[in-house]
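Heads up, the thing below is written out as structure tokens.
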Amino acid sequence: MIHALEARHAPVVSVWVWYNVGGRNEVPGTTGMSHFLEHMLFKGTPVHPKGDLDRLLARYGAQWNAFTNEDVTCYFETVPRDRYGVALELEADRMRNALISIEEVEAERTVIVSEREGYENDPSFLLGESLQAVAFDRHPYGQGVIGSKFEIKLMTRDGLYAHYRRHYAPNNAYVVVVGDDSAESLVERAARSFGAVAAEQVVAPPLAPEPPQMGEKRLVVHRAGGALPLVQVGFHTVAASDPRAASLQALGVALAGGSGGDAASGRSSRLYRALVETQLATDVDASFGLTKDPYLFTIEATVRPGVTHRAVEDALLRELRRLADEPIEEAEFARVRRGLLASVAFPSDTITWRAFRLGSLLSSGAASSIGAWYDALARVTPDDVRRAATETFVERSRTVGHFIPEAG
Amino acid sequence: MVPIAGLRSVVALLAMEAGQFFEPAGRPGVARLTAQAMLRGTARRDASAWSDALDALGASARLDVGSHAAVFSGQCLADDLGAYLDLVAETVVTPALADSGLEFVRAQALADLEEAKKDTRSVADQTWRELTYPVGHPFRTRSIGDELVVRSASLAEIRAHHRNGIHAAGSVLVLAGALDADRAFDVAERAFGAWSGTEPPDRAVAPVILDGMRRRAVVVPDKTQADVVLGWPGLPRTDPRFTRAQVANMVFAADTFASRAGQVVRDQLGLAYYVFSSIAGTAIQGPWTVRMGVNPENVERAISVTFTELGKIRDGAIADDDLALARDKLVGELEVGRESPNGVAGMVLEAELFQLGDDHLERYPRELRAVTKDDVVAIARKLLPLDHYALAIAGPEIPAS
């Protein structure tokens, strides 16, 4: 499926290919296969041997990369306008013709282990991975994306190749092209590039939904490799295609703003005021991700030195209850709404991010266009946010994780 | 002012001469504390009212301390530009800088410092700075600062740094996006027109010369990956050789795939997930470093291979295509960078801040294309010596080779 948007403000085009394969398509023991495969798609095809693609795109000054998450594997190139035909041709070529040799699998294995080890240095990743595993009993979302070091070491070339042939086909992908050409021309050139790639019978066995959680779950991760304690809370919630998805995005902004990190925006949010301004936490974030299947509404707080996990957790849960119990006042909702709409408008002024936004909406099922998503956000009312809080922040569907740094 | 048709927002960058270079000598951390305290309310509004005003616009805002400048950066919807600039001006010109604000950001900074002690990238970076820059040099400490300074900084000190560094003279405001240039000038003039102040005298900093190889490994417990920083004191952004150095940097290690060291360390040998190099653009010699994340078993080999590739460049063993690739990539990145208002604003800001000339953006691609193999070899021999460097490693214990 090809989708295009004209964006004339810079002589640049961004080409994205979204494959419907990620962590949710894996089974225990081979978790991380989609991500490993993503690395192997940079190792060449018969027409473009290894290094060709890297050097060609580098020569154009391209911004290009790939990522894998629970739902999709995604590749993109943002290139000068007169080079986008090359980007389309490269993507069409590696859709079916990647070489994936035994030698390259072995060489890349250590890189992926290194990537995993880099994540393991981060306490937030360690706790998040464990929380995800505890929160899901049945659904593969509990397995994460990168796989364990043992799984990465056991991955075989034949297994990777079979995974590639099974999932990489035009009828299992979205092609998104955004940039400095007419929409008709962008679609036409993409269709010409991918038209020669044959469709495959993609077998995607139905996934059983995660059964309802019947009570709070708790976990603790101890490790010396972190300085500050963390509290994470995950609540089971709905998929991106659910009509309540826009309200849940608004709920995230109401709780912790839209930017996070060191940005000063979002400091009028509920959790920033209740946790950071009161000096219980140094940082707080809340997010509802757009996923194909129901996932988690997650909240993370970094506990300030000298404060207990319990104090932060209690204050956090109190604020969630307050949002469910008390109506949001007009002035506060006006800020939430403005932040929500800006969170769509700002990234969309960058061609790469506009393409990313469209692809993520399409592949997750959240909306058929950026405009439709913007409209859905604009329609959210204070009552919708309150209802979303009431439905989501339920004790029995909650998983709470504590990261406790140890002396070392 | 850079109008860009077809957008809905405006990006604002305001660079002020209040970065590390302008920090009071021996007081690392004061610049960042000042910047953070400036976001805690103004003479007119307390911290809560200030946050309400910013979020009512749906705008973003941050104030970062770099090696040269303190940069206020943010984005607003086009219709809000006037109100946004009024708020930005109020923030930088008349911040409250109250006791409560300082104590809040001090506590935040101390928590950040605590986290940095267990973060292998931060530890490697700080260790490299200590190996490279002498005591008292503005870049010896990361902008987050020294714990003793953060603990002891007084309100008077913060206010003095604001008075000395945050002034109209030497500051540069760039706006890019959905704007009309004339109207944007008017609203900027209304917001900042009364702002005054004179530039402080330049800080005298002696050139840094490494007298040999300096190496230190710091064990950070319970980590699985080591972070490595290998580097040299670079050259000022205004040095006429800077463009040549950028091409040399690209040939060497700037990119994982387009550069020699990146290709060999990651792509050919699979030794690291990330490897890249960069040269800081600042008024004096900023860090010129190669950084990589490596399994402890592979640290020595990754470093050795990096030096081998550097040696080849110094010996002139540079394939014509490698040099052409480096030049093409740097020129192409300028074009692709125009895809975002942030990218456009950043390019304009750098040219203005370092007074690179009104025609810099037009001239710069030509200058990149004019760099020769001899230029790259000369830069590598002069600025990237194989026997004078600093090397910092942070992470698990490195096994004896």
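No value in this document is a laboratory result; all are computed from the given coordinates. Predicted model, so just to flag it, every value in this text is computed and none were measured. Cβ sites come from the backbone with ideal geometry, for glycine too, and all protein chains shown count toward neighbours.
Could you tell me what fraction of 2.2 N^0.38 Å the Cα radius of gyration of the protein assembly as shown comes to, as a two-decimal ratio?
0.93
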Notebook entry, point to check: Which of the listed residues, A:Gln201, B:Leu269, A:Val344, is farthest toward the dipole's positive end in the protein assembly as shown, when Lys, Arg count +1 and Asp, Glu count -1 at the beta-carbon?
Noted result: B:Leu269
Notebook entry, point to check: For the stretch B:213-395, treating each Cα as an identical point scatterer without solvent, what Debye log10 I(q)/I(0) comes out at q = 0.13, 0.14, 0.18 1/Å?
Noted result: -0.69, -0.79, -1.21
Checklist line | 17 Å Cα-Cα reach of A:Lys153 towards aspartates and glutamates, excluding residues that sit fewer than 8 places from it in its own chain | finding: A:Glu26, A:Glu38, A:Glu103, A:Glu104, A:Glu106, A:Glu108, A:Glu115, A:Glu117, A:Glu120, B:Glu297
Next item on the list: Step through the residues of the stretch B:142-158 one at a time and calculate ³J(HN,Hα) from phi using the Karplus curve (6.51 cos²θ - 1.76 cosθ + 1.60, θ = phi - 60°), rounding each to whole Hz and writing x for Gly and Pro.
Entry: 4, 4, 4, x, 9, 4, 5, 5, 4, 5, 9, 4, 9, 4, 4, 5, 5
Next item on the list: Distance between Cα centroids, the stretch A:288-302 to the stretch B:218-265: provide it in whole Å.
Entry: 36
Note to self: Ignoring everything except DSSP H segments at least 4 long, calculate the 222 nm mean residue ellipticity for chain A; use -39,500 (n - 2.57) per segment, divide by total residues, nearest 500.
What the structure shows: -13500 deg cm²/dmol
Item checked: Base-10 log of normalised Debye intensity for the stretch A:2-195 (one unit scatterer per alpha-carbon) at q = 0.13, 0.16 Å⁻¹ -> -0.73, -1.02
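When averaged across all projection directions, what area in nm² does the alpha-carbon convex hull of the stretch A:15-77 cover?
If I average the Cα hull's projected area over directions, I get 4.6 nm².
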Next item on the list: Only loop residues by DSSP count here, and only those with at most 13 other Cβ atoms within 10 Å; note down the chymotrypsin sites (Phe, Trp or Tyr not before Pro) in the stretch A:219-303 that meet that.
Entry: none
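Please report the relative contact order for chain A, taking Cα pairs under 8 Å with a sequence separation of at least 6, and give it as a percent rounded to a whole number.
On the way: 783 pairs, mean separation 91.5, N = 408.
Reported relative contact order: 22 percent.
If you take the C-alpha gyration tensor of chain B, multiply each eigenvalue by 5 and take the square root, what semi-axes do you get, largest first, in whole Å?
Over the Cα atoms of chain B, the ellipsoid semi-axes are 37, 27, 19 Å.
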Item checked: Quarter of the Cα convex hull surface for the stretch A:217-405, i.e. its orientation-mean projected area (nm²) -> 10.8
Note to self: Compute the angle between helix B:47-56 and the longest alpha-carbon principal axis of chain B, please, reported from 0 to 90 degrees and rounded to the nearest 10.
What the structure shows: 80
Check: Rounded to the nearest whole Å³, what is the per residue volume of the convex hull around the Cα atoms of the stretch A:150-226?
Finding: 278
Item checked: Relative contact order of chain B, defined on C-alpha pairs under 8 angstrom at six or more residues apart (%) -> 22
Checklist line | Dipole of the protein assembly as shown [Lys/Arg +1, Asp/Glu -1 at C-beta], most positive-end residue of B:Ala226, B:Thr141, A:Leu323 | finding: B:Ala226
Checklist line | Between the stretch A:114-139 and the stretch B:81-137, the alpha-carbon center distance in angstrom | finding: 29
Note to self: Please compute the modelled spin-label separation between A:Arg192 and B:Asp86, points set 7 Å along Cα→Cβ, answer in nm with one decimal.
What the structure shows: 5.3
Notebook entry, point to check: Among B:Arg32, A:Arg189, which comes first, then next, by fewest other beta-carbon atoms within 10 Å?
Noted result: A:Arg189, B:Arg32
Next item on the list: Give the cross-link partners of B:Lys329 among the lysines, using a straight C-alpha distance below 22 Å as the criterion and excluding same-chain residues fewer than 8 apart.
Entry: A:Lys43, A:Lys50, B:Lys312, B:Lys373
Next item on the list: Could you tell me how many degrees, from 0 to 90 and to the nearest 10, lie between the Cα long axis of helix A:123-135 and the main elongation axis, the longest principal axis, of the Cα atoms of chain A?
Entry: 90
Next item on the list: Give the order of A:Phe333, B:Phe72 when sorted by the count of other beta carbons within 10 angstrom, beginning with the fewest.
Entry: A:Phe333, B:Phe72
Check: Nearest 20 debye, what's the magnitude of the dipole of the protein assembly as shown about its Cα centre given +1 on Lys and Arg Cβ and -1 on Asp and Glu Cβ?
Finding: 840
Check: About its Cα centre, how strong a charge dipole does chain B have in debye, to the nearest 20, once Lys and Arg get +1 and Asp and Glu get -1 at the Cβ?
Finding: 960
Margin query: Helix-only estimate, please: 222 nm mean residue ellipticity of chain B, summing -39500 (n - 2.57) across DSSP H runs of length 4 or more and dividing by its residues, to the nearest 500.
Written below: -13500 deg cm²/dmol
Check: Using unit Cβ charges (K, R positive; D, E negative) and no other charged atoms, how large, in debye to the nearest 20, is the dipole of the stretch B:213-395 about its Cα centre?
Finding: 600
Check: Which order results if A:Met214, B:Met1, B:Met292 are arranged by neighbouring Cβ count within 10 Å, fewest first?
Finding: A:Met214, B:Met1, B:Met292
Item checked: Estimated D of chain A in µm² per second, where Rh is the Kirkwood radius over Cα pairs and Stokes-Einstein applies at 25 °C, 0.890 mPa s -> 109
Item checked: Relative contact order (%) - criterion: Cα under 8 Å, at least six apart; region: the stretch A:217-405 -> 39
Next item on the list: Within 10 Å of each Cβ in peptide A:390-398, how many partner chain Cβ atoms are there on average? Round it to a whole number, please.
Entry: 0
Check: If you wrap the stretch B:249-298's Cα atoms in a convex hull and average its projection over all directions, what's the area in nm²?
Finding: 3.6
Notebook entry, point to check: Between Rg and the Kirkwood Rh of the stretch B:25-97, both from Cα atoms, what is the Rg to Rh ratio?
Noted result: 1.00
Check: Of A:Tyr75, A:Phe356, A:Ile404, whose Cα points farthest to the positive end of the dipole of chain A (charges on the beta-carbon: +1 Lys, Arg; -1 Asp, Glu; origin at the Cα centre)?
Finding: A:Ile404
Item checked: Three semi-axes of the equivalent ellipsoid, the stretch B:1-160, Cα gyration tensor, whole Å, largest first -> 30, 19, 14
